[in-house]
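Structure, as structure tokens:
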Amino acid sequence: MSDIQVDGRIERLKRRTQQCVCKYCGRELTLRHIVFSDINEAKVELYCNFCNRIEFGVEKEIYYSAYNFIDNLEFDYYENLDANEKKHQMNVAKICEIISWNCKNMGLLNQDGFTVPLNVEENTWSECLVLPSREVVLQEEEGK
């Protein structure tokens, strides 16, 4: 990689530290020199100090949307795993990946962030009523 390409990549990563967070915990990302295997060359990567992992990150709005989705709809992609904080983080990260892919696919998101202004409404989930299917069936039977 040429010096120009390296400088451009590092600048792109610096911008991501401002607009993105870790898709697992929602905390800020930092730039870190990572040494791979026995090779003494270091490569600059985005890193989450809380999760101790290399993480490319996700836009803050996507993280908060995914977090609310998991908490309010009780979505569980990893049904076979025991319920704990790590599983919750993995579920949020999976929804972040889905939302990001969808936004990129629709042209709403690129490597520099969102391509259109967002109108993020907070606490919209508090206006929703989520009922388990067994309660819906009961309500329908009562109305007959």
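The values are calculated or read from the model by the stated rules, or taken from the named source; none is laboratory data. Predicted, not measured: the structure shown is a model, and the values here were computed from it. With ideal geometry, Cβ positions are generated from the backbone for all residues, glycine too; neighbour counts draw on all protein chains shown.
Residue-by-condition table, conditions (1) within 21 Å of Trp101 (Cα to Cα); (2) at pLDDT 95 or above; (3) within 15 Å of the chain's Cα centre (by Cα):
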{"position": "Asn40", "(1), (2), (3)": "no, no, no"}
{"position": "Lys43", "(1), (2), (3)": "no, no, no"}
{"position": "Phe56", "(1), (2), (3)": "yes, no, yes"}
{"position": "Glu59", "(1), (2), (3)": "yes, yes, yes"}
{"position": "Ser65", "(1), (2), (3)": "yes, no, yes"}
{"position": "Phe69", "(1), (2), (3)": "yes, no, yes"}
{"position": "Leu73", "(1), (2), (3)": "yes, no, no"}
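May I ask you to list the residues in the stretch 19-35 that are at pLDDT below 95 and outside any strand (DSSP E or B)?
Residue satisfying the conditions is Gln19 alone.
Each row is one residue, and each column tells you yes or no for (1) at pLDDT below 95; (2) surrounded by 10 or more Cβ atoms within 10 Å (Cβ to Cβ).
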{"residue": "Tyr77", "(1), (2)": "no, yes"}
{"residue": "Asn91", "(1), (2)": "no, yes"}
{"residue": "Gln111", "(1), (2)": "yes, no"}
{"residue": "Leu118", "(1), (2)": "yes, yes"}
{"residue": "Glu127", "(1), (2)": "yes, no"}
{"residue": "Val130", "(1), (2)": "yes, no"}
{"residue": "Ser133", "(1), (2)": "yes, no"}
{"residue": "Val136", "(1), (2)": "yes, yes"}
{"residue": "Lys144", "(1), (2)": "yes, no"}
